[in-house]
Amino acid sequence: MTHPAVAEVTQRIVERSRESRTAYLSRVDADAAELRRRGPARGHLGCANLAHGFAAAGADKPLLRASTRPGVAIVTSYNDMLSAHQPYESYPPELKKAVRAAGGVAQVAGGVPAMCDGVTQGRAGMELSLYSRDVIAMSTAIALSHDMFDASLLLGVCDKIVPGLFIGALRFGHLPAMFVPAGPMPSGLPNKVKARARQAFAEGKIGREEMLDAEADSYHSPGTCTFYGTANSNQLLMEVMGLHLPGSTFVNPRTELRQALTAAAARRVVELTAHGEEYTPIGHVVDEKAIVNAVVALLASGGSTNHTMHLVAMANAAGITLTWDDMAALSKVVPLLTRMYPNGQADVNHFHAAGGMQVFIGTLLDAGLLHDDVLTVAGRGLGHYRSAPELKEGELVWTERAEGSGDLSVLRPADEPFSPDGGIHMVGGNLGRAVSKVSAVKPEHLVIEAPAKVFDDQLDLLRAFEGGDLDGQDFVAVVRYQGPSANGMPELHKLTPPLAVLLDRGQKVAIVTDGRMSGASGKVPAAIHLSPEAADGGAIALIRDGDPIRLDSTAGTLDVLADLSGRTPEGAAKPDDKWVGTGRELFAAFRRTVGPAERGASIFGGF
């Protein structure tokens with residue numbers, strides 16, 4: 001039986017979204033009816049159009065010309081600089097071969113950009129990061145706009161890439177779509193050792209070479225980084241939403257099982273086309289229940305705070321209105337079931353070994369916290385995802401996992417959780433509304449009242465730390481003009497090591513910002529994504545050094561304990577002529593049109 005709170009939130013979303021969801025589905029269903037009537041999509045193209053579409057197709061040219069087999073678009077984020085996406089180099093030929101064997105024909109329809117927040121952290125490029133999600137959505141739409149295709153295989157892993165592909169694919173909601181994961185790299189330097197090295201480097205106790213050795217031992221081979229940040233949150237959510245094959249999320253790259261799952265995804269997507277027996281358009285897979293399932297899974301896993309924005313934008317692309325209030329209501333009843341860095345010392349490989357997605361999903365289903373009655377690429381019912389894939393005599397088979405967690409320090413049942421509520425809280429008060437990730441914060445740090453120290457640039461805070469100006473005092477760092485319309489809402493993860501140093505010295509410290517913290521940020525108490533942001537007239541622009549600020553992540557409150565009446569904003573977002581370099585000047589239109597964090601921080605309005 002569905003938990004009453006989950007049912008209530010779902011019904012509230014259904015009612016709120018009725019008009020927009022109905023309009024979205026009417027377009028999807030009209031396109032679907034046309035697709036089924038006409039046969040493979042490319043068959044209705046003009047001769048010149050179609051000839052352009054298969055001119056370079058080589059051995060597949062006769063299949064494409066005949067227009068009898070369903071066409072599958074491969075949209076890829078491959079590049080060989082980023083470990084998470086490097087494995088995709090070999091995927092297109094493997095996918096084409098498997099699609100051909102299943103009776104279809106596949107083409108690489110386009111590529112999307114894939115930037116790495118790990119590389120750009122603290123750099124000017126980070127100010128393009130959030131905007132890249134919407135660029136990826138548009139790039140996906142361009143790839144699919146050739147009307148050559150009856151389904152899509154989406155190759156993406158990290159931070160903004162999966163949400164962007166997701167949003168773009170939903171604009172072609174009549175087409176089946178599957179995400180094809182690449183998997184995490186094997187475990188490297190333990191997360192506890194890496195975090196200790198970062199703090200030592202921030203304190204000047206080790207040098208650059210020693211620090212670089214530690215980082216290189218952590219990020220050491222092809223595959224996704226192994227900590228549970230936004231990239232791996234993406235992967236977990238795609239499986240819970242039924243857009244991965246069951247159990248395929250955390251299988252390491254370049255293994256026989258990984259290769260078998262990749263080929264199976266290609267075969268399966270052909271079966272899901274309008275010309276097969278199990279037509280499954282993504283516009284119907286992503287419904288209100290699937291969105292609620294995603295939020296529940298995010299909370300139960302202590303996932304990335306970035307998804308408090310991404311999921312809002314992703315839902316909106318399907319005509320569904322998700323709010324922070326929905327997330328807050330679910331957080332009160334969803335227990336925290338995992339401990340993965342930064343919320344613990346384990347990584348996603350340890351989670352996978354403990355039972356991984358099969359135990360996680362099964363536990364939440366048994367507790368009534370996930371909707372089982374949903375459409376997935378594996379068929380109707382999330383129960384399909386209780387099964388784990390394995391190779392038996394070279395054959396890929398799925399077997400339901402009957403046993404529970406193999407490691408209770410990493411993955412627990414719902415009746416014995418790490419915490420009775422979700423790892424993400426919403427906080428609000430006279431400063432506005434913000435997100436607070438509490439799953440990695442010690443209980444004694446969940447409430448802080450201390451004077452503000454105000455910074456309009458993260459570099460100013462770093463310089464204050466290096467100069468000793470923050471030593472021996474309690475404070476709340478207020479870092480403003482970091483919101484979507486100010487400078488693209490960069491992650492401020494570089495602030496975590498110095499603030500963690502001060503926290504470990506016994507100082508009471510926290511951060512309040514209209515910017516983001518990385519999915520890897522953890523133990524420092526924080527109120528992030530503050531909305532309204534400083535650049536849009538938010539109260540954060542009125543704070544002065546010394547104003548008492550109280551953050552109570554348990555009670556869900558955030559207030560400045562000072563009279564702000566009569567004050568005028570201090571500081572300002574950089575004007576266009578200062579917002580230059582690293583291509584940032586190309587995104588001026590984004591800064592002028594982007595919405596607030598609590599509505600998804602997107603340049604797209606309601607669809």
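The values are calculated or read from the model by the stated rules, or taken from the named source; none is laboratory data. Every value quoted in this text rests on a predicted model; they were computed, and no experiment measured them. Here the Cβ is made from the backbone with ideal geometry for all residues, glycine too, and neighbour counts use every protein chain on show. To get the accessible areas, we keep the full protein, side chains included, count just its heavy atoms, and leave off ligands, DNA and RNA. Shrake-Rupley method; radii C 1.70, N 1.55, O 1.52, S 1.80 Å.
Can you compute the equivalent ellipsoid semi-axes for segment 545-607, i.e. the square root of 5 times each eigenvalue of the Cα gyration tensor, sorted largest first and rounded to whole Å?
On the way: eigenvalues 189, 78, 26 Å².
Largest first, segment 545-607 gives 31, 20, 11 Å.
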Normalising by the residue count of segment 446-603, find the relative contact order in percent from Cα pairs under 8 Å and 6+ residues apart. 27
So if I place +1 on the C-beta of Lys and Arg and -1 on the C-beta of Asp and Glu, and nothing else carries charge, what would the dipole magnitude of segment 466-607 be about its Cα centre? I want it in debye, nearest 20. 360
Of 384, 310, which has the most accessible area and how do the rest follow, probe 1.4 Å? 384, 310
To the nearest whole percent, what portion of all C-alpha pairs in segment 475-578 is separated by more than 16 angstrom? 59
Straight-line reach from residue 194: which lysines have Cα under 26 Å away, leaving out those fewer than 8 places along the same chain? 160, 205, 437, 442, 494, 508, 523
Residue-count net charge about residue 10 - beta-carbon cut-off 12 Å; Lys, Arg +1, Asp, Glu -1: -3
Less than 11 Å Cβ to Cβ from residue 576, Lys/Arg counted +1 and Asp/Glu -1: what total charge do the surrounding residues give? +3
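In terms of the Cα gyration tensor, with a ≥ b ≥ c the square roots of its eigenvalues, is segment 244-331 rounded because a/c is under 1.5, prolate because a/b exceeds b/c, or oblate?
Oblate is the answer for segment 244-331, as a/c is 1.5 or above yet b/c matches or exceeds a/b.
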With label points set 7 Å from each Cα along the Cα-to-Cβ direction at residue 216 and residue 49, the distance between them in nm comes to 5.3
Please determine, in degrees from 0 to 90 and to the nearest 10, the orientation of helix 356-366 with respect to the longest principal axis defined by the Cα atoms of the chain, where the helix direction is its Cα long axis. 90
Compute from the Cα atoms of segment 164-296 the Rg and the Dmax, the latter being the longest Cα-Cα distance, and quote both in angstrom. 19.1, 64
Straight distance only, please: which lysines reach the Cα of residue 61 with their own Cα at less than 16 Å, same-chain residues fewer than 8 apart left out? 96, 97
So how far apart, in nm, are the two label points at residue 37 and residue 442 if each is 7 Å from Cα heading toward Cβ? 6.7
How big is the shadow of the Cα convex hull of segment 117-172, averaged over all directions, in nm²? 3.9
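Considering only protein heavy atoms, what per residue accessible area in square angstrom results for segment 365-428 with a 1.4 angstrom probe? Mind showing how you got there, number by number?
Numbers: 3160 Å² over 64 residues.
Per-residue accessible area for segment 365-428 comes out at 49 Å².
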To the nearest 10 degrees, how steeply does helix 18-38 sit against the main Cα axis of the chain, on a 0 to 90 scale? 30
To the nearest 0.05, the calculated FRET efficiency linking residue 585 and residue 142 through their beta-carbon distance, R0 being 30 Å, is 0.85
Over segment 68-179, with neighbouring protein chains present, the accessible area per residue in Å² at probe 1.4 Å is 28
Take every Cα pair under 8 Å in the chain that's 6+ residues apart, average their separations, divide by the length, and report that relative contact order as a whole percent. 15
Report the net charge of residues surrounding residue 38, where surrounding means a beta-carbon distance below 13 angstrom and charges are Lys +1, Arg +1, Asp -1, Glu -1. -1
With a 1.4 Å probe and all protein chains left in place, how much of the accessible area of segment 202-258 comes from carbon and sulfur atoms, in whole percent? 50
Charges on Cβ only, +1 for Lys and Arg, -1 for Asp and Glu, centred on the Cα centroid of the chain; of 349, 5, 477, which one is farthest towards the dipole's positive end? 349
